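The values are calculated or read from the model by the stated rules, or taken from the named source; none is laboratory data. Since we're looking at a predicted model, the values are computed, not measured. Cβ coordinates were reconstructed from backbone atoms using ideal geometry, including for glycine residues, and neighbour counts include every protein chain displayed. Just so you know, the surface numbers come from the protein's heavy atoms only, side chains and all, with ligands and any DNA or RNA stripped out. Shrake-Rupley method; radii C 1.70, N 1.55, O 1.52, S 1.80 Å.
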Amino acid sequence: MLNRTVGLAFGIILISSIAFGFQVEAENISSSKYFETPLNEINSAKTSITMAMYLISVLPEQPDAQPSQLVNALIKAKERGVDVKVILDQNIDFESETNDDALYSNKNQQAYEYLRKNNIPVFFDTADVYTHSKTIIIDNETVILGSANWSKAALT
């Protein structure tokens with residue numbers, strides 16, 4: 001009886017792993033390849049891009065900078081029908097004297113405004129949450145995780 005129970009349990013585990021298991025392809029993206037990988041994946045996106053980013057630093061006077069290229073790729077993806085959503089960390093100094101000072105100190109404010117202006121749904125996390133992740137999910141298949149912010153300093 002014990003052998004049959006063990007055999008049955010092993011069979012259930014084996015069938016479950018086959019039925020619910022899946023292979024994952026993982027790639028280590030070095031710092032020098034980080035920019036090109038998300039850019040290529042965003043440009044290849046077919047249905048969706050969802051991302052949470054601690055810092056996106058886009059500067060109007062640097063339209064060819066790598067962070068601007070990545071943000072513009074998101075905008076082009078949206079324009080070709082890809083569902084794009086972005087969550088940013090607030091990075092606001094709530095100790096500032098005025099709301100204007102708080103907005104000025106928000107490192108993501110320019111990116112937030114630029115994305116919204118280009119019809120990208122973009123959200124700030126809540127004040128009590130510190131979103132330090134750098135995560136991009138493309139077509140519910142590709143996940144890019146890392147430590148690189150979308151800033152000129154991080155990407156160069």
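Counting the residues of the stretch 139-156 that are assigned to a loop (DSSP other than H, G, I, E, B) and aliphatic (A, V, I, L, M) gives 1.
Quick grid of which residues meet (1) at pLDDT 95 or above; (2) within 24 Å of residue 26 (Cβ to Cβ); (3) of a type in the set (S, T, N, Q); (4) not in a strand (DSSP E or B):
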{"residue": "96", "(1), (2), (3), (4)": "no, no, yes, yes"}
{"residue": "116", "(1), (2), (3), (4)": "yes, no, no, yes"}
{"residue": "123", "(1), (2), (3), (4)": "no, no, no, no"}
{"residue": "130", "(1), (2), (3), (4)": "no, no, no, yes"}
{"residue": "137", "(1), (2), (3), (4)": "no, yes, no, no"}
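Within the stretch 20-34, residues that are under 15 Å from residue 137 (Cα atoms) and open to solvent by 100 Å² or more (accessible area, probe 1.4 Å) have Cβ atoms under 9 Å from residues that are of a type outside the set (Ser, Thr, Tyr) and modelled with pLDDT under 80 in no pair, counting only partners at least 6 apart in sequence or on another chain.
Within the stretch 79-92, identify whether any single residue is open to solvent by 50 Å² or more (accessible area, probe 1.4 Å), at pLDDT 95 or above, over 21 Å from residue 155 (Cα atoms) and touching a Phe, Trp or Tyr at 6+ places or on another chain (Cβ under 9 Å), and answer yes or no. Scanning the stretch 79-92 turns up at least one residue that is open to solvent by 50 Å² or more (accessible area, probe 1.4 Å), at pLDDT 95 or above, over 21 Å from residue 155 (Cα atoms) and touching a Phe, Trp or Tyr at 6+ places or on another chain (Cβ under 9 Å).
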